[in-house]
1. Of all trypsin sites (Lys or Arg not before Pro) in the stretch 58-123, which ones are in loop regions per DSSP and have a Cβ with at most 11 other Cβ atoms within 10 Å?
2. Divide by every residue of the chain the summed helix terms, -39500 (n - 2.57) for each DSSP H run of at least 4, and state the resulting mean residue ellipticity at 222 nm, rounded to the nearest 500 deg cm²/dmol.
3. Could you tell me which residue out of ALA145, ASN104, VAL210 lies farthest along the dipole of the stretch 103-216 toward its positive end? Charges go on the beta carbon: Lys and Arg +1, Asp and Glu -1, centred on the Cα centre.
4. Just check the stretch 172-216 against the gyration tensor rule for me: Cα atoms, a ≥ b ≥ c as the square roots of the eigenvalues, rounded for a/c under 1.5, and otherwise prolate or oblate depending on whether a/b exceeds b/c.
5. So if I restrict to the alpha-carbon atoms in the stretch 52-95, what is the Rg, and what is Dmax, the biggest pairwise distance, in Å?
6. What are the DSSP H helices in the chain that stretch 18 Å or more along their long axis, judged by alpha-carbon atoms, and whose average Kyte-Doolittle hydropathy comes to at least 0.0?
7. At a Förster radius of 35 Å, what calculated FRET efficiency corresponds to the Cβ-Cβ distance of HIS64 and ASP179, to the nearest 0.05?
8. Tell me the net charge near ASN32. Cut-off is 10 Å between Cβ atoms, ASN32 excluded, with +1 for each Lys or Arg and -1 for each Asp or Glu.
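Please treat every number below as a calculation from the coordinates, not as lab data. Bear in mind that the values here come from a model prediction, so they are computed numbers and not experimental data. We place every Cβ from the backbone using ideal geometry, glycine too, and count neighbours over all the protein chains shown.
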Amino acid sequence: MFIDDDTRKRLTDIVKGTVLKGKENNCTAARNLLCASFRTSTTVKKDFEGQSRVKEEQAEFLRHHCSLRNWWVRELPGEETFLTRGGEAKIYFASDRRNVIKMNDAVYYATWLEFFNSLVIHNLLFEETAYDFLGFAENEGNLVAVLKQPFITSDAPVDLDDVKKLLAFNGFNNTKRNDYFNEDLGLILEDMHDENIIVNSNTLFFIDTVFYTISK
């Protein structure tokens, strides 16, 4: 994890709600699409319930563009490949056994734009565990993002003090328990407990992050 000047600029643009320029990956493409039509929220959960209408508007917007952009995922993982259920995602082995497929309903986020902002931020900061957005599926009438991520195995327990030191080095100060705040970048990072971080070969791999942007 290292925040160079280019990464810092892109993070600043995300917080400001600016469309990101340059080469797009799938996560950035979805984020830019939403960003061009909806305002980035900076209230950080203060109006989570009030944003539900906006989230549903964004869901309908995304459904429309799924048809235009061929974003509907027709072949979903079978139950025989199911691994576990997280707070917001059902996780399956990918067919290559080197990746996992995550079916994410974005329940932790007030809007779909917040969700994709978080994914893009994760990919900028943690390239080794970057998400690949494959498209969307429907689950009991609800929109679900289908994501692919490298499968990392653990060979040692996580020391949360090491996590705290790494994040502090990059400007993220521990605010309470497993939550962090980077005042300079205008980013909140939550839920950094030992189930969301894996150690392999003395290296920390962040596999599940929850980022929120705030105005500075």
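1. Numbers: sites: ARG63, ARG69, ARG74, ARG85, LYS90, ARG97, ARG98, LYS102; in loops: ARG74, ARG97, ARG98.
Counting only loop positions with at most 11 other Cβ atoms within 10 Å, the trypsin sites (Lys or Arg not before Pro) in the stretch 58-123 are ARG74, ARG97, ARG98.
2. On the way: 5 runs with 64 residues, N = 216.
The helix-only estimate for the chain comes to -9500 deg cm²/dmol at 222 nm.
3. Ranked along the dipole, the leading option is VAL210.
4. Details: a/c = 2.36, a/b = 2.16, b/c = 1.10.
Judged from the Cα gyration tensor, the stretch 172-216 comes out prolate (a/c at least 1.5, a/b above b/c).
5. 14.0, 37
6. Details: long enough: 52-69 (25 Å, -1.14); 112-125 (20 Å, 1.01).
Helices meeting the criterion: 112-125.
7. Working: r = 35 Å, r/R0 = 1.01.
After rounding, the FRET efficiency stands at 0.50.
8. Its environment carries a net charge of +1.
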